[in-house]
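For reference, the structure discussed in these notes is given below.
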Amino acid sequence: MTTVVAVDGPAGSGKSSVSKAAARRLGFAYLDTGAAYRALAWHVAASGADASHASSVIDALESFDYSIGTDPDGYAVHVGGTDVTAAIREPRVSSVVSLIARVPEVRAHLTALFRSIIASTDRPGIIVEGRDITTVVAPDATVRILLTASEEARMARRSAELAGEKPADVGEQLKKRDQADSKVVDFMTAAEGVTTVDSTELDVEQTIQAVLDVITNSAAARARTEGGTP
Ligand SMILES: Nc1ncnc2c1ncn2[C@@H]1O[C@H](COP(=O)(O)OP(=O)(O)O)[C@@H](O)[C@H]1O
Ligand SMILES: Nc1ccn([C@@H]2O[C@H](COP(=O)(O)OP(=O)(O)O)[C@@H](O)[C@H]2O)c(=O)n1
């Protein structure tokens, strides 16, 4: 049976870098669900539609021909024939993606897509990261983790990544996006059965180790329960 590891958390908490590294070490697949919301935001803009109109966004879903790889060593994101891997990280996409993510039809459509990608993985496990993986996409995942960090740490990390942008602007955008996103799904508090890893005081390697420890312990506990051992 495939081991499914669900990781949620706010922007800049380390979900994608840590999940990718952990997947690489375990020989697991890796699924970045935020990339799909970002790619749809890109597609809506490319179609000339208005991201703030739910009906236009729902219409754009019909022509949304999306694909993403699940190899943690390199995954390309495509919309139709266009490689949008880099374009979806641009601030113009980040600034509108929450408008897309708040539309229930979009969430239902993408959730079904994520579940089919999870079901078709050919590796022993898959790490899936986003905002609602532990609660909506895969609430029955083998391992469920909430990766957090203080707002200050997250803003500093994102500013370091976007070196060409003004740190104050990057921080403000991250804060606004988290506020908008958290009205739609709760990724700031751990749901029942979800283990919190706080990376504020950890470096990247320590965070990867903390996540790997949770995966090892939870998978072992799950195997004991399913094997009938008390
Ligand atoms: N303790 C840490 N844990 C995870 N990432 C860290 C840590 N310290 C610094 N970083 C850096 O912060 C950034 C986190 O970004 P990312 O993994 O994209 O987060 P998210 O996917 O949650 O938005 C990366 O550039 C990473 O190298
Ligand atoms: N499971 C998910 C993943 C992302 N999202 C949306 O997609 C956006 C981009 O997600 P992301 O994971 O790429 O963002 P970062 O945390 O990497 O900045 C978020 O701001 C949410 O609006 C979501 O609603 N549900």
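Some points to look at:
- Across the chain, the longest run free of exposed loop sites, meaning GluC sites (Glu not before Pro) lying outside DSSP classes H, G, I, E and B with no more than 14 other Cβ atoms within 10 Å, spans 1-164.
- Extension gain for Lys183-Ala108 works out to 25.3 nm (0.36 nm per residue, less the C-alpha to C-alpha distance).
- The calculated FRET efficiency for Thr196 paired with Asp71, based on their beta-carbon distance and R0 = 22 Å, is about 0.20.
- Hits among lysines - C-alpha to C-alpha of Lys166 under 20 Å, sequence gap 8 or more where chains match: Lys175, Lys176
- The largest-to-smallest principal axis extents of the Cα set in the chain are 57, 37, 31 Å.
- For Thr195, solvent-accessible area (1.4 Å; no DNA, RNA or ligand), Å²: 50
- Theoretical gain in end-to-end length, Leu212 to Ser150 [0.36 nm per residue, Cα-Cα removed]: 20.2 nm
- In the context of the full set of protein chains, the chain has a per residue accessible area of 48 Å² (1.4 Å probe).
- Carbon + sulfur, % of accessible area of the range 33-122 - ligands and nucleic acids excluded, 1.4 Å: 52
- Farthest positive-ward along the chain dipole, Cα basis, beta-carbon charges - from Ile215, Val77, Gly27: Ile215
- Measuring r between the beta carbons of Ser56 and Arg25 and using R0 = 45 Å, the FRET efficiency lands at 0.60.
- Given charges at beta-carbon only (K, R positive; D, E negative), |dipole| of the chain in Debye: 120
- In this structure His109 has an accessible area near 80 Å², from a 1.4 Å probe over the protein heavy atoms.
- Between the Cα long axis of helix 15-26 and the first principal axis of the chain there is an angle of about 40°, rounded to the nearest 10.
- Centre separation in Å (Cα based) which lies between the range 140-166 and the range 75-99: 18
- Three-way shape label, the range 109-175, alpha-carbon gyration tensor, a/c 1.5: prolate
- A P(r) calculated from all alpha carbon pairs of the range 33-122, with 10 Å bins opening at zero, reads 17, 53, 27, 3 percent.
- Lys/Arg +1, Asp/Glu -1 at C-beta; the chain dipole; positive extreme among Val106, Trp42, Pro139: Pro139
- Crossing angle, helix 167-181 versus the chain [Cα axis fit, 0-90 degrees, rounded to tens]: 70
The values are calculated or read from the model by the stated rules, or taken from the named source; none is laboratory data. Keep in mind that what you see is a predicted model, and the values were worked out from it rather than measured. Don't worry about glycine lacking a Cβ; one is built from the backbone with ideal geometry, like all the others, and counts go over all protein chains shown. Calculation scope for accessible area: heavy atoms of the full protein, side chains included, ligands and nucleic acids excluded. Shrake-Rupley method; radii C 1.70, N 1.55, O 1.52, S 1.80 Å.
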